[in-house]
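The values are calculated or read from the model by the stated rules, or taken from the named source; none is laboratory data. Keep in mind the model is a prediction, meaning the values are calculated, not measured. When we count neighbours, we look across all protein chains shown, and the Cβ atoms used for this are built from the backbone with ideal geometry, even at glycine.
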Amino acid sequence: MISIIIKLQLSIEVRGEAADSLTFEARCRIQDPVYGCVGLVHFLQQQIHIVENQVAKAQTEIVVFNSQLFHQAHVQLQPPLQLLQQFELGFGFNNTATLQEGP
């Protein structure tokens, strides 16, 4: 392996990284004789794709949850017309003619 690095005419600063890279590639080739480190890269790309899909799904669920939460809060802030009328009658208000039913 040292002879390969010397033949590549690499500078002294990068020879260590080159040796590490060749060692890594050799180990990958032992574990996967057909694809070597390319098989590992492909596997990692698949994992990234799976996780990106999970993140997108989680973001969609958050949006749906927030819309439901907003809708529930909005509905709870608008009391039914009958409760409003009872409240007004309880305090002696007689001006219920201006109230209109909401959507």
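For the stretch 18-36: of the residues being part of a helix (DSSP H, G or I) and surrounded by fewer than 11 Cβ atoms within 10 Å (Cβ to Cβ), which is nearest to the chain's Cα centre (by Cα)?
Within the stretch 18-36, the first condition is being part of a helix (DSSP H, G or I), and the residues that meet it are 18-31.
Remaining after also requiring surrounded by fewer than 11 Cβ atoms within 10 Å (Cβ to Cβ): 20, 30.
Details: Asp20: 34, Ile30: 35 Å.
That would be Asp20.
Given the residues Ile4, Ile12, Ile62, which is the only one that is touching a Leu at 6+ places or on another chain (Cβ under 8 Å) and at pLDDT below 95? Give the steps one after another, and end with the answer.
Working: Ile12 fails: touching a Leu at 6+ places or on another chain (Cβ under 8 Å); Ile62 fails: touching a Leu at 6+ places or on another chain (Cβ under 8 Å).
When all the criteria are applied, what remains is Ile4.
I'd like to know if the stretch 38-48 contains one or more residues that are at pLDDT 90 or above and aromatic (Phe, Trp, Tyr).
Here is the first cut: in the stretch 38-48, the ones at pLDDT 90 or above are 38-48.
Those still in the list that are aromatic (Phe, Trp, Tyr) too: 43.
Scanning the stretch 38-48 turns up at least one residue that is at pLDDT 90 or above and aromatic (Phe, Trp, Tyr).
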